[in-house]
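The values are calculated or read from the model by the stated rules, or taken from the named source; none is laboratory data. Predicted model, so just to flag it, every value in this text is computed and none were measured. Positions of Cβ are backbone-derived with ideal geometry, glycine not excepted, and every protein chain shown enters the neighbour counts. Remember, those area values only see protein heavy atoms, side chains included, never the ligands or the DNA or RNA. Shrake-Rupley method; radii C 1.70, N 1.55, O 1.52, S 1.80 Å.
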Amino acid sequence: MAKPKVAFYWCASCGGCEETIVDLAEDILGVVEAVDIALWPVAIDMKRKDVEAWEPGDVAVAFINGAVRLSEQKEWVELLREKCSLVIAFGSCAHMGGIPGLANATNREEIFANKYHRSPTVANPDGIVPQEQTNVDGYDLELPTFWKDVKPLNEVIDVDYYLPGCPPPFDLVATAVGAILEGKLPPKGSVIAPEKALCDTCERNDTKPDEMTITEFKRTATSTPDPEKCFLADGFLCMGPATRSGCGERCINGNMPCRGCFGPTPDAIDPGLKLLAAIASRGEADSEEDAKALADSLVDPLGTYYRFGLPASMLKRSADTERAQT
Amino acid sequence: MISLTIDGQVVEVEDGSTVLQAARKLEIQIPTLCTHKALLPYGACRVCLVEIEGSRGSWLETSCTFPAQEGLVVNTTSDRVLRTRKIVLELMLARCPEVEVVKELAAEMGLEDTRFPKKGEDCILCGLCVRVCGEKMNAGAVHFVNRGTGKAVEPPYDRHSAVCMACGACEVVCPTGCVDLSKITTHQPRPIPSEFDEGLSSRGSIYVPFAQAVPNTPVIDKDTCIRLLNGDCGACQAFCEADAIDYDQEDTIEEVDVGAVIVATGFKLFDSKLINRYGYGKFDNVLSAMEFERISHASGPTLGKVIMKDGRSPQAVAILHCIGSRDENYHEHCSRVCCMYSLKFAHLVKEKTDAEVYNLYIDMRAFGKGYEEFYKRVLGEGVHFIRGKAADVTDVSETPEEKGKLIVVAEDTLLGVTRRLPVDMVILSGALTPSPDSADVGRVFSLGCSQGGFFLERHPKLAPVDSMSDGIFLAGACQGPKDIPDSVAQGAAAAAGALSLIDKGKVVIEPITAEIIEDRCAGCQLCIANCPYAAIEYDKEKNISVVTEELCKGCGTCVAGCPSGAAHQKNFEDEQIFSEIEGILTGSEV
Ligand SMILES: Cc1cc2nc3c(=O)[nH]c(=O)nc-3n(C[C@H](O)[C@H](O)[C@H](O)COP(=O)(O)OP(=O)(O)OC[C@H]3O[C@@H](n4cnc5c(N)ncnc54)[C@H](O)[C@@H]3O)c2cc1C
Ligand code: SF4
Ligand code: SF4
Ligand code: SF4
Ligand code: SF4
Ligand code: FES
């Protein structure tokens, strides 16, 4: 029997998710034994026309990482959706927008201005900005459209499953692959990770005080967390209570609070809102000035509460940027 | 058992008893000076002599040491006994002519004076101190030295002893009060301050907290009891007739199931040390209100005499109102009772001394029934009322009259002048403030606090006795400063409220309550701290939080605050709200 074929593709991403595969080292041979890799731009040279030549259903599953920001990415993922039986959003960016999704906190004009004019390493005296259409020596050149917003994969195509994490830990990937090979698939739309929040498995949960009160937010940049205490109790904002478990407490074990890359639990409408409500209810301040000082001690709240999930959240983008663009 | 005859009566006692014990069983009085229930018999004073009748005549023995024997015949009142005891006492009176116990016993024996030359000693050489120290305290710091007329009790070589723990047992046991601990020990005796007397008197390690304590039984202070600290002493057990002392008793935690709770944890008097300028803690005769309460009380450390630290009667007393209250730097509230208790103090000082009394007040709040009348009466007693808050209490004198006095500096706002009042005693009428542990108590009973920190009633007019939590009532000063009549009234109302709940036997619970989905809860416990009704508990074994439905008021705080969405409100789900919002928005589009 022919080995099932799999495709890997990347959109707006950092390449870290590819690393998960590369990190397998010689174990990759086991993967290759079980499946044929039909597409893997990071490692195998292939052109769009090769994929266009596939018959629908030729490839069993496409693992797509990265958020969608460019028209070209949209075309690619639509193509893969057409040709592959299953599409799995691989990693935080495809799942929820991820770090690239933080671009939704600003707007296209600002991004271009920074990238092509303001950045101290840019010398662009003529103020040239990339154009979607350019004619060079009689040839019409085309660049993809840079969208107004970053989108999670499921806003562009239908997604069957989600593998969360930045990047997804390999044991979850293995579970997913195993389930596909054995045909034991969970209900469509499932996030392949446990349903409880990270505190459930976090060893530090036992150190929580009876009554948690938050009087200031500390930063890991300027103070070192207690290696045993619950981060929240120690004054560091930890996304763990609002984030799915299953990552193996990678950050916690590195003495860093959870940043929320696994995304919300199934019942949470919006992880940032949920944690914000929880934190706000535990903040303690005697006066309005104290309350303001407490709020101010959290540097970059939007980027903290929505570090990995702004595009997939109820907010989707910061309101200012929308106003700026309309 | 042994049976013997004393003064013609037959008595049965246990083997090993003394004749004295046998006589006491018959309630025959034999005087003693050196015997002590807790200590081994010693036979030093000889006043307990009795006559033993044997087959070949009779002889005298000290009944405290002589063992009871089968068939013994004892006479405690024979002429020979009385004559000899009289001589013993006469000799003792010669040695210690001024010692009360000796004088009393001698008088009982009909002795007015002694025919022997008087020596004027204090110590009757009973050896109680030596024995208590050796037998009970296991220290042996004092002993008899020399013999005959030179016999005395001393630490070795008459030097201050390092072995002596300064426990003071010798002082306590000495019948003549002649032990001076400072001559014995190298240690500093540390009296244990009486909490009830505001540290103005001392107490023992076993003590009844105060005269009206409920239950009215002594307690042992673990931190100072020598028995509990190092296994020695045990004197109180040996003294206790009822055999009620059990050193092995441990603190126990009793769990009581109740249907209603009345919180009546009261107030704490403002700590006047916080305001330096009034000199509390610095000057001997600057007193807190509570200290004055004790001093003026008949059962207090001075037996109700209003006297200064050095025992003199004050010639002038200043009573400073509103210390720590109505003061933006400390407590903004009016403590309500201070004006009235300050008037009471003024009245008491007037009644008990000839002193001039100055009350320095911001304004006089004689708010209750009969209170204005009392104010008038105190005015009539010649108390000086000065409208103005005291600014300072100092001992730096500016005039000869001020020398050696405490000077209260205040602006008299009626006369518009600054006054300096030289007085001997200053009483600081402190604010009633919330108990220091009120945050903990509030947490246990889910009580909120009003501004100022007193517990919050459900409604200031319509439900002043109820708290926000059903079945939890408030009474007394924990809810706000108030006097005794108001505290009692609120207490009675709270009791009635509690009874009416209990009487019903049923409680009506909310139809809409919260529920935590077991499979979704990560046990982060944030909801527990959030629940204003303490309705959520943490199940450590399952690592989840659980709502007690009977306590849940359905306020939804936990639902809103649950970061993982595990807490739900029955019949009030997010989906419902979203559908409603969608409905409204769809409508507006049309
Ligand atoms: C100096 C002074 C003089 C006063 N003179 C008068 C007067 O002459 N007439 C008058 O009407 N009023 C007077 N008052 C006011 C009076 O003292 C109060 O009205 C009264 O004491 C209030 O009673 P209460 O039972 O509410 O509180 P409290 O008397 O304070 O009693 C509270 C009790 O609760 C106990 N408690 C506290 N916390 C806990 C806990 N966590 N667990 C268990 N037990 C706890 C405390 O030990 C205390 O026994 C005076 C007040 C002061 C300060
Ligand atoms: S808040 Fe963070 S550190 Fe604390 S128990 Fe939860 S995951 Fe662990
Ligand atoms: S601890 Fe949080 S941020 Fe870190 S890997 Fe796990 S889910 Fe991601
Ligand atoms: S045993 Fe009794 S007498 Fe001795 S120190 Fe303790 S309490 Fe006091
Ligand atoms: S806040 Fe939510 S997840 Fe955390 S313990 Fe409560 S119900 Fe469980
Ligand atoms: S009481 Fe017996 S000798 Fe002192």
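From the cross-link list A:196/B:540; A:47/A:316; B:103/B:352; A:47/A:83; B:268/B:482; B:344/B:376, which pairs have alpha carbons spaced over 23 Å apart? Provide the component values of the computation, followed by the final result.
Values: A:196/B:540 16 Å; A:47/A:316 33 Å; B:103/B:352 34 Å; A:47/A:83 15 Å; B:268/B:482 12 Å; B:344/B:376 12 Å.
Cα-Cα > 23 Å for A:47/A:316; B:103/B:352; rest within.
Over chain A, what is the relative contact order in whole percent, taking alpha-carbon pairs under 8 Å and six or more residues apart? If you can, show how the numbers build up before the last one.
Numbers: 573 pairs, mean separation 60.0, N = 326.
For chain A, the relative contact order is 18 percent.
Carbon and sulfur together cover what percent of the accessible area of region B:518-590 at a 1.4 Å probe radius?
Numbers: 2170 of 4000 Å².
Ligands and nucleic acids excluded, carbon and sulfur reach 54 percent.
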Distance from the Cα centre of region A:1-73 to that of region B:226-264, in angstrom? 76
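Just by accessible area at a 1.4 angstrom probe, what is the order of A:274, B:403 from largest to smallest? Intermediate values should be presented prior to the final figure.
On the way: A:274 20, B:403 145 Å².
In descending accessible area the options line up as B:403, A:274.
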So what are the ³J(HN,Hα) numbers for region B:73-83, from phi and the Karplus equation (6.51, -1.76, 1.60; θ = phi - 60°), rounded to whole Hz, Gly and Pro as x? 10, 10, 10, 9, 10, 5, 4, 5, 4, 5, 4
Quickly rank B:441-452, B:82-93, A:300-311 as a protection proxy: mean count of other C-beta atoms within 10 Å, highest first. A:300-311, B:82-93, B:441-452
For chain A, cysteines with no other Cys Cβ under 4.7 Å from their own Cβ are listed as A:11, A:14, A:17, A:84, A:93, A:202, A:230, A:238, A:247, A:251, A:258
Take the solvent-accessible surface of the protein heavy atoms, probe 1.4 Å, and return the percent of it on region B:2-108 that carbon and sulfur atoms account for. 49
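Carbon and sulfur together cover what percent of the accessible area of chain A at a 1.4 Å probe radius?
Carbon-and-sulfur percentage of accessible area, whole number: 53.
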Please compute, for peptide A:195-204, the average count of beta-carbon atoms on other protein chains lying within 10 Å of each residue's beta-carbon. 6
Using Cα springs under 10 Å in a Gaussian network model of chain A, which residue among A:312, A:60, A:221 shows the largest mean-square fluctuation? A:221
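Over the Cα atoms of region A:217-326, compute the convex hull volume and normalise it per residue, giving Å³.
Values: hull volume 13.8 nm³, N = 110.
About 125 Å³ per residue, rounded to a whole number.
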Tell me the per residue accessible area of chain B using a 1.4 Å probe; a whole number in Å² is fine. 55
May I ask you to evaluate 6.51 cos²θ - 1.76 cosθ + 1.60, the Karplus curve with θ = phi - 60°, for each residue of region A:240-247 and list the ³J(HN,Hα) values in order in whole Hz, giving x for glycine and proline? x, x, 10, 10, 4, 7, x, 7
Sort B:556-563, B:62-69 by the packing proxy (mean of other Cβ within 10 Å over each peptide's residues), most packed first. B:556-563, B:62-69
Once you average over the residues of B:563-573, how many Cβ atoms of partner chains fall within 10 Å of each Cβ? 6
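Which whole-number percent gives the relative contact order of region B:514-584, counting Cα pairs below 8 Å spaced six or more residues apart?
On the way: 99 pairs, mean separation 26.5, N = 71.
It comes to 37 percent, rounded to a whole number.
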extent check for the protein assembly as shown: Cα max minus min per principal axis, descending, whole Å, gives 147, 83, 64
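For the interface of chains B and A, what total accessible area is buried with a 1.4 Å probe, rounded to the nearest 100 Å²?
Roughly 2100 Å².
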Excluding residue B:44 itself, what net charge comes from residues whose Cβ is under 13 Å from its Cβ, given Lys and Arg +1 and Asp and Glu -1? +4
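Add +1 for every Lys or Arg and -1 for every Asp or Glu among the other residues with Cβ under 13 Å from the Cβ of residue A:237, and state the total.
Values: positive: A:218, A:219, A:259, A:282, A:307; negative: A:216, A:234, A:300.
Around residue A:237, the charge tally is +2.
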What share of all Cα pairs of chain B, in percent, falls into each consecutive 10 Å distance bin? 3, 11, 15, 16, 15, 15, 12, 7, 3, 1, 1, 0, 0, 0
Report the Cα centroid-to-centroid distance between region B:1-55 and region A:206-281 in angstrom, as an integer. 79
Taking only C-alpha positions in region B:258-506, Rg and Dmax in angstrom work out to 20.3, 75
With Cβ to Cβ distances under 13 Å as the rule, what net charge do the other residues near residue B:62 carry (K, R +1; D, E -1)? 0
Part-to-part distance (alpha-carbon centres) for region A:131-189 and region B:106-144, which is given in Å: 102
Partner chain coverage, peptide B:552-561 - average Cβ within 10 angstrom: 2
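Per-residue ellipticity at 222 nm for the protein assembly as shown, helices alone: DSSP H runs ≥ 4 residues times -39500 (n - 2.57), over residue total, nearest 500 deg cm²/dmol?
Result for the protein assembly as shown, helices only: -7000 deg cm²/dmol.
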Show me, for region B:493-504, the HN-Hα J-couplings you get by feeding each phi into the Karplus relation (A = 6.51, B = -1.76, C = 1.60, θ = phi - 60°), rounded to Hz, glycine and proline as x. 5, 5, 4, 5, x, 5, 5, 5, 5, 5, 4, 4
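Give the peptides B:221-229, B:125-133, B:36-44 in descending order of average Cβ contacts within 10 Å, highest first. Please report the intermediate quantities before stating the final value.
Details: B:221-229: 14.8, B:125-133: 23.2, B:36-44: 17.2.
Descending packing order for the listed peptides: B:125-133, B:36-44, B:221-229.
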Global geometry of region B:192-239, whether rounded, prolate or oblate, following the gyration tensor of its Cα atoms and the 1.5 cut on a/c: oblate
